[in-house]
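Colleague: Can you keep this structure in mind? I'll have questions shortly.
The values are calculated or read from the model by the stated rules, or taken from the named source; none is laboratory data. Treat the numbers as computed from the prediction; the structure is a model and nothing was measured. Quick reminder, even Gly has a Cβ in these numbers, built from the backbone with ideal geometry, and neighbours come from all protein chains shown. Note: accessible area is taken over every heavy atom of the protein model, side chains too, but ligands, DNA and RNA are not part of it. Shrake-Rupley method; radii C 1.70, N 1.55, O 1.52, S 1.80 Å.
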Amino acid sequence: MDNVFWFLQVSDIHISRFVDPQRAPDFQKFCTETIDAIKPEIVFVTGDLTDAKERNRIGSRQYEIEWQTYQTILKKSRVLEKTKWIDIKGNHDTFNIPSLESVNNYYRKYSAFKREGSFHYVHQTRFGNYSFISVDATPSPGPKRPFNFFGFLNQTKMGELLKLASETVYSNQTIWLSHYTTSTIISASPGIRHIMGSAVAYLCGHLHTLGGFMPVLHSRHEYGTLELELADWMENRRYRIMVFDHDLFSFVDLKFDKWPVIVITNPKSALYSSPGHEPLGKIKASTHIRVLAFSTAKVTSVQVKIDGIILGSAVQIKGPLHTLLWRPMDYGAGVHYIEVHARDKAGRTTIAGHKFTMEDIKLLPFGVMASFIIQAPHHITLKVIFILVLLINLFVIIAFRYLAKPRFKDTPGFFALVNFSFHVFSKTNILYYPVLLFTCYVAVGPWFIGEIIDGHFGACFVFGIIVDGHFLEGSLTFFCGILQLTFFNIPLICYLCWCLLLRCRGAYFRSHLKYTGWVRSGLMHIGLVGFLAWQAYSCYFLQKTYGIVAFFLSPVRTWSLALALALVYKAWNFNNSTIRTFKAEMKNCL
C-alpha cells in the first residue's frame, strides 16, 4: 500500500516465575494471533521484559528462567520471522546488575535485539525513511529495587543522543522511544525533551497506569512532541498500534484479544495533532476518509459517521485499508466528531472515534493530572518537597528553643498547650539534641551501608547512592526521605511533646490516664505503635532488599527504632530542673 505503514508497541511484560502464570501464555498468543492478524512492520517492546522480583515481591534479582521463558515465546511463535522485533531494556531488566559485562545481564543473551545503549533504527520504505531513536536511560551499575525507578542520562549519553538526533534530518518522520517517561529521567543539559524536539512522538511505558488511577497518560511537550505512555502488559494486557499514513501519525491503545481493531488515519485526531511535525494540510486536500480495520476474522463492514450522520460504508482497498469518498470542505469550520463501526465475520463489533478539525485552531488540551505526571521533573519536585519538610521540621525545633516560654494568665486552651509542649521539648536538652541531630543526619549522613548489588557494597544517602566508585544521583531517595520525616520523625516529636505536657501536669506513665482519659491516651499510644510499626516494616523491607548488613548498618532505619524507644522511655521517666520549672508554670495556671 502506498504511503502507509503500521507498527506496534507493547511494554512492561514482566514475565515472572512466581505470579500470574497466564501472563506468558497470553503473550505467546499475542505473538501469534495478534501479530498474524495485524502484520506490523515493526514491534517495539519498551522495557521490563522480565519481572526480576523475588517470591516475597520485595527483593530483586535476575532470574534466568524468566529470560528463557521470554526467548522461548519468541522462538515458538516464530514472531522474529514475521516482523522486525526491537526489544529494549527497562529498569527491571537491570535490577542487581553490576555492569553490562556481568553474567547476570541476561538481556545480552536472551533478548531479540541485544543492543546495549541508545541507538538509531531507520525503517526504509518506497516513500521515504522513518527514524526511531531508542533512549537507554537504565542505570549502570544497576542497583536492586527500589532505587533504580528513575533513569539517568549523563553528559556522555546526552552527547550520543545529540549525534543520533542529527542523523534524522532527512527522514520523513522521527519517533523516540524509551522505557522511562521523560518525567522519570534525570538528564544532563540541554535535557532529553530539548533534543527530541523534532520528533512527532515519544513512546514509553514504566508507570503501569499508576495502579489503575491513570489509565491514559498522554501529553504534549513545548516543541510539539507527543509523549505517549503505554499501559502495561503485566496486569492490563495493553498494546498500541501506530500508523504513518502520508506522514500523518495516528495510534490507538488496545486491550489484548479484543477485535476488530480500528485506526482512523484520515481525518486524524485533533487532540493528537502536531502542526510543527505533520503535514496537516493534507487532510484538507484529501479525497477519502481512510480507516485501517484488523481482525482475526474477515472484516465484513466498516461504517462511517460524522457528527452522528451516516456517510456510508468504507470500501476495502487492500489488506486492512478501507476508504470512503468525502468532501473536507463540508467540515471546514469548527470541531467535528468522526465515528467508525467495524464488524467482522465472527459477529464482533467495535466502535471507535475522535474529534477532528480543518481549522488552524489552538491545540486541544490534555488532562491536567496526566500532563503533570508526564511533564513535571519529579526528581526536582521530590527534592524540593524534601527540603521544605526538612526545613520546617528544623525551624520548629530550633525556633521554640530560643523563643521566650509562654506565661499563662488564664486556663490555657488547646493551641496554647501545644505551643507550651513544644517549648518544653525544645528546652529539654536530653530530648532536644538527639532529635535535632537525628533530623540533620537524615539529610547528610548515610542511611545505610549494604549490598546495593549482590557482592558489591555501597552507601545510600538522601542525595544519591555510591557503589563501586559510581554515584547515582538521588531521586526516589528524596521520596523515601519525605516518608521518613513525615511518618517517623515528626510523629515522634509530637508524641514526645504530649508526654512532656503530661509530665508538666504531674503525670507519669502509670498515672497519666487520669489526666487524659482512655480515649485520648489510647489514640496517642496507637499513633506511637503505628509509626514504630511503620519504621519496623521499613527495616524489614531494607533487610529483604539490601541484605542483613544493611539492616544492622542503618542509622536512619534500624538504629532510629532504638533511639525512638530510648527517647520515649526518657520522656516518661526523667526528672530535672527544666521540667520542674515548666511544671511549676503549669501548676500556677490550672
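Colleague: From THR296, THR265, which residue is touching a residue at least 12 places away in the same chain (Cβ under 8 Å), among the β-branched types (Val, Ile, Thr) and outside any strand (DSSP E or B)? Break it down stepwise before answering.
Modeller: Numbers: THR265 fails: outside any strand (DSSP E or B).
Result: THR296 is the single residue among THR296, THR265 that is touching a residue at least 12 places away in the same chain (Cβ under 8 Å), among the β-branched types (Val, Ile, Thr) and outside any strand (DSSP E or B).
Colleague: Can you find a residue that is surrounded by 14 or more Cβ atoms within 10 Å (Cβ to Cβ) and touching a Pro at 6+ places or on another chain (Cβ under 6 Å) anywhere in the stretch 330-349?
Modeller: yes
Colleague: Within the bounds of the stretch 366-375, is there any residue that is open to solvent by 80 Å² or more (accessible area, probe 1.4 Å) and either part of a loop (DSSP other than H, G, I, E, B) or of a type in the set (D, E, K, R) (or both)? I'd like the intermediate steps shown before the answer.
Modeller: Within the stretch 366-375, the first condition is being open to solvent by 80 Å² or more (accessible area, probe 1.4 Å), and the residues that meet it are 368-369, 372.
With either part of a loop (DSSP other than H, G, I, E, B) or of a type in the set (D, E, K, R) (or both) added as a condition, the list becomes none.
No: the stretch 366-375 contains no residue that is open to solvent by 80 Å² or more (accessible area, probe 1.4 Å) and either part of a loop (DSSP other than H, G, I, E, B) or of a type in the set (D, E, K, R) (or both).
Colleague: Same structure again: Specify the residue that is farthest from GLY90 (Cα to Cα); the eligible residues are those in the stretch 145-154 that are open to solvent by less than 10 Å² (accessible area, probe 1.4 Å) and at pLDDT 95 or above. Talk me through it step by step, then tell me what you get.
Modeller: Just the residues of the stretch 145-154 that are open to solvent by less than 10 Å² (accessible area, probe 1.4 Å), to begin with: 148, 150-151, 153.
Now narrow it down to the ones that are at pLDDT 95 or above: 150-151, 153.
Numbers: PHE150: 10, GLY151: 9, LEU153: 14 Å.
Per the stated criteria, the residue is LEU153.
Colleague: A follow-up question, please. How do the helices (runs of 4 or more DSSP H) wholly within the stretch 1-82 filter down when requiring 2 or more residues that are open to solvent by less than 10 Å² (accessible area, probe 1.4 Å), more than 23 Å from LEU203 (Cα to Cα) and not aliphatic (A, V, I, L, M): which remain? Working first, answer last.
Modeller: Working: elements: 23-29, 35-38, 64-77.
Correct list: 64-77.
Colleague: Condition test on LEU100, is it among the aliphatic types (A, V, I, L, M), open to solvent by 40 Å² or more (accessible area, probe 1.4 Å) and under 21 Å from ALA24 (Cβ atoms)? Let's see the steps before the verdict.
Modeller: Values: among the aliphatic types (A, V, I, L, M): yes; open to solvent by 40 Å² or more (accessible area, probe 1.4 Å): yes; under 21 Å from ALA24 (Cβ atoms): no.
No; evaluated as a whole, the condition is false for this residue.
Colleague: What are the pairs with Cβ atoms under 6 angstrom where one residue, in the stretch 86-98, is within 22 Å of ILE58 (Cβ to Cβ) and the other, located anywhere, is of a type in the set (S, T, N, Q) and assigned to a strand (DSSP E or B)? Sequence gap at least six, or different chains.
Modeller: PHE95/SER60; ASN96/SER60
Colleague: OK, next. Say we look at the stretch 232-256 and pick out the residues that are touching a residue at least 60 places away in the same chain (Cβ under 8 Å) and closer than 23 Å to PRO365 by Cα; which of these is surrounded by the most Cβ atoms within 10 Å (Cβ to Cβ)?
Modeller: The selected residue is PHE244.
Colleague: Looking only at residues in the stretch 283-297 that are of a type outside the set (A, V, I, L, M, F, W, C) and within 39 Å of the chain's Cα centre (by Cα), which one is surrounded by the most Cβ atoms within 10 Å (Cβ to Cβ)?
Modeller: Filtering the stretch 283-297 for residues of a type outside the set (A, V, I, L, M, F, W, C) gives 284, 286-288, 290, 295-296.
Okay, now just the ones that are also within 39 Å of the chain's Cα centre (by Cα), so 284, 290, 295-296.
Details: LYS284: 13, ARG290: 25, SER295: 21, THR296: 17.
Of everything passing the filter in the stretch 283-297, ARG290 is surrounded by the most Cβ atoms within 10 Å (Cβ to Cβ).
Colleague: Before we move on, is GLY527 small (Gly, Ala, Ser) and at negative phi?
Modeller: Values: small (Gly, Ala, Ser): yes; at negative phi: yes.
It is true that GLY527 is small (Gly, Ala, Ser) and at negative phi.
Colleague: Look at the stretch 92-149 and say how many of its residues are charged (D, E, K, R) and either touching a helix residue (DSSP H, G or I) at 6+ places or on another chain (Cβ under 8 Å) or part of a strand (DSSP E or B) (or both).
Modeller: Filtering the stretch 92-149 down to residues charged (D, E, K, R) leaves 93, 101, 108-109, 114-116, 126, 136, 144-145.
With either touching a helix residue (DSSP H, G or I) at 6+ places or on another chain (Cβ under 8 Å) or part of a strand (DSSP E or B) (or both) added as a condition, the list becomes 93, 109, 114, 116, 136, 144-145.
Result for the stretch 92-149: 7.
This table checks each residue for (1) surrounded by fewer than 21 Cβ atoms within 10 Å (Cβ to Cβ); (2) touching a strand residue (DSSP E or B) at 6+ places or on another chain (Cβ under 8 Å).
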| residue | (1), (2) |
| --- | --- |
| PHE420 | no, no |
| VAL424 | no, no |
| TYR433 | yes, no |
| PHE438 | yes, no |
| PHE448 | no, yes |
| GLY455 | yes, no |
| CYS460 | no, yes |
| GLY464 | yes, yes |
| ARG520 | yes, no |
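Colleague: Then there's this: Could you list, in sequence order, the residues of the stretch 543-564 that are among the hydrophobic types (A, V, I, L, M, F, W, C), touching a helix residue (DSSP H, G or I) at 6+ places or on another chain (Cβ under 8 Å) and either surrounded by fewer than 19 Cβ atoms within 10 Å (Cβ to Cβ) or assigned to a helix (DSSP H, G or I) (or both)? Please lay out each step first, then the result.
Modeller: Start the filter on the stretch 543-564 by keeping residues that are among the hydrophobic types (A, V, I, L, M, F, W, C), which leaves 548-553, 556, 559, 561-564.
Okay, now just the ones that are also touching a helix residue (DSSP H, G or I) at 6+ places or on another chain (Cβ under 8 Å), so 550-552, 556, 561, 563-564.
Within the stretch 543-564, ALA550, PHE551, PHE552, LEU561, LEU563, ALA564 qualify.
Colleague: Then there's this: Can you name the residue in the stretch 207-231 that is without any contact (Cβ under 8 Å) to a residue 40 or more places away in the chain and open to solvent by 30 Å² or more (accessible area, probe 1.4 Å) and, of all such residues, is nearest to ASP51 (Cα to Cα)?
Modeller: So, considering only residues that are without any contact (Cβ under 8 Å) to a residue 40 or more places away in the chain and open to solvent by 30 Å² or more (accessible area, probe 1.4 Å), the one nearest to ASP51 (Cα to Cα) is GLY211.
Colleague: I'd like the residue in the stretch 376-405 that is touching a residue at least 24 places away in the same chain (Cβ under 8 Å) and outside any helix (DSSP H, G or I) and, out of all such residues, is least open to solvent (accessible area, probe 1.4 Å).
Modeller: Across the stretch 376-405, the extreme among qualifying residues is ALA376.
Colleague: While we're on this one: When the stretch 552-590 is examined, which residues are found to be modelled with pLDDT under 70 and touching a Pro at 6+ places or on another chain (Cβ under 9 Å)?
Modeller: Residues of the stretch 552-590 that are modelled with pLDDT under 70, as a first pass: 576-578, 584-590.
Passing the criteria: GLU585, MET586, CYS589, LEU590.
Colleague: Here's a follow-up. For the stretch 469-488, indicate whether the set of residues that are of a type in the set (A, V, I, L, M), open to solvent by less than 70 Å² (accessible area, probe 1.4 Å), out of contact with any Lys or Arg (no Cβ under 8 Å at 6 or more places or on another chain) and not in a helix (DSSP H, G or I) is non-empty.
Modeller: Let us first name the residues in the stretch 469-488 that are of a type in the set (A, V, I, L, M), namely 472, 476, 482-483, 485.
Applying the additional criterion that residues be open to solvent by less than 70 Å² (accessible area, probe 1.4 Å) yields 472, 476, 482-483, 485.
Filter once more, so that each one left must be out of contact with any Lys or Arg (no Cβ under 8 Å at 6 or more places or on another chain): 472, 476, 482-483, 485.
Of the ones still in play, those that are also not in a helix (DSSP H, G or I) are 472.
Checking the stretch 469-488: at least one residue is of a type in the set (A, V, I, L, M), open to solvent by less than 70 Å² (accessible area, probe 1.4 Å), out of contact with any Lys or Arg (no Cβ under 8 Å at 6 or more places or on another chain) and not in a helix (DSSP H, G or I).
Colleague: Another one. Please indicate, with yes or no, whether at least one residue in the stretch 446-459 is farther than 28 Å from ILE97 by Cβ and either polar (S, T, N, Q) or free of Cβ contacts under 8 Å to residues at least 60 places away in the same chain (or both).
Modeller: As a first pass, look at the stretch 446-459 and keep what is farther than 28 Å from ILE97 by Cβ: none.
No, the conditions are met nowhere in the stretch 446-459.
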